[in-house]
Amino acid sequence: MLELQKGLSLDRLKTFCLVVRAGSIAAAAVNDPNQQSQFSRQIKELEEVIGKQLVRKEGKEIKPTAAGLELAALAGGFFAGLDELGAESSNRPIVLAGGESIMRWVVLPGISRLTNPMFRWNLRSVRTQRTLDALMNGTVDLGVVRGDAVTEDFVSKPVGEIDYIWVFPRKLLPGRTASGIYDAKRLPFALLAGDGKLARQIIEAAAKNELRLDIRMELESFSLLLEAVKTRNLGAVVPEKAVGELPQDEFAVIEDDQLAIPPRPLVLVAHAKTYELRPRLRKAFEECARILA
């Protein structure tokens, strides 16, 4: 144990955290050849001390292994905790990440109501798995993600859920009413790309209720999906909180239990080890959980 502690020099640990956050040795060293050699040597020495592989190369990038992620979280939380003892720490923003729809319709409306001068916020739109990875390597402080994605590596607290609803331009529906959805011969439709579970739920609900969806477009975010609907040429399933952006006289909201898409529970998360080591982060976590719940 003493030999391990001796080998875990602060300089090596700082280098390792820097490289993990930067994504490559070259980026961390700002393309300085001498510093690149130093960083490579320090990481190799750290791996020898730990007795495990901490990083692997993927092209020009450096990806931490499972052991590397654990070390980065522990060391990053330690250094961040030390930084919080300094006077300048109160000016550093809390980095909060989550999926684009979560940030737009859940986090931003809530976080904008926070008036505690102790905190400034840096909001980032990042998909769930990348948010969790960023919490592990220390580039993000807090995240709002799907509840089913969280593992025991994280502290979490429920902060509501995202409800989904079907919307169609009235001009596409017989009689221009919501009930016309069942009489339409063809329903031009747009899907969210990259979310296979949601797409399956939509297609299964349509098939069960004999809706004739004509998938015309797939878009990578709910913001783009909503803009596609606003062209009045496509229907879609969107977050219920987004429906207020559509004029009621031009768009029909389909509130039929037979077509209901299960809501997604959301949780506020922080990496467990970082949470333990950073008192200011714990306060930010509780403040954020209170306003978002």
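The values are calculated or read from the model by the stated rules, or taken from the named source; none is laboratory data. Since the model is a prediction, treat every value here as computed from it, not as a measurement. No Cβ is skipped: glycine too gets one built from the backbone with ideal geometry, and neighbour counts run over all protein chains shown. Accessible surface areas use protein heavy atoms only, side chains included; no ligands, DNA or RNA. Shrake-Rupley method; radii C 1.70, N 1.55, O 1.52, S 1.80 Å.
A few remarks follow.
- Of all lysines in the structure, those lying under 17 Å Cα to Cα from LYS52, and not within fewer than 8 positions of it along the same chain, are LYS6, LYS44, LYS63.
- On segment 148-281, 48 percent of the accessible area sits on carbon and sulfur atoms, based on a 1.4 Å probe.
- Hydrodynamic radius by Kirkwood, which averages 1/r over all alpha carbon pairs of segment 163-293, in angstrom: 16.5 Å
- Whole-angstrom Cα spans of segment 87-238 along principal axes, big to small: 66, 31, 23
- Reachable lysines from LYS230, criterion Cα separation under 25 angstrom, eight or more residues apart if same chain: LYS171, LYS185, LYS197, LYS241
- Percentage of interatomic Cα-Cα distances in segment 228-284 larger than 15 Å: 65 percent
- Two-decimal log10 I(q)/I(0) for segment 111-178, as the Debye equation yields it once each C-alpha is a single scatterer, q = 0.11, 0.17, 0.24, 0.25 Å⁻¹: -0.47, -0.77, -1.17, -1.23
- Fluctuation leader among GLY143, GLY175, GLY160 - the chain, Gaussian network, Cα springs under 10 angstrom: GLY175
- Converting phi to 3J(HN,Hα) with the Karplus coefficients 6.51, -1.76 and 1.60 and the offset θ = phi - 60°, segment 70-75 yields 5, 5, 4, 5, 5, 5 Hz in sequence order, with x at every glycine or proline.
- Unit charges at the beta carbon, dipole of the chain: most positive-side option, ASN137, TYR164, SER37: SER37
- Spacing of the two label points (7 Å from each Cα toward its C-beta) at ALA67 and LYS44, in nm: 1.7 nm
- Computed with a 1.4 Å probe over protein heavy atoms only, the accessible surface of the chain comes to 53 Å² per residue.
- Value of [θ]222 nm, deg cm²/dmol, for the chain, DSSP H segments ≥ 4, -39500 (n - 2.57) each, nearest 500: -11500 deg cm²/dmol
- The Cβ shell under 12 Å around ARG127 holds other residues with a net charge of -1, Lys and Arg each +1, Asp and Glu each -1.
- Normalising the average separation of contacting C-alpha pairs (under 8 angstrom, six or more residues apart) by the number of residues puts the relative contact order of the chain at 22 percent.
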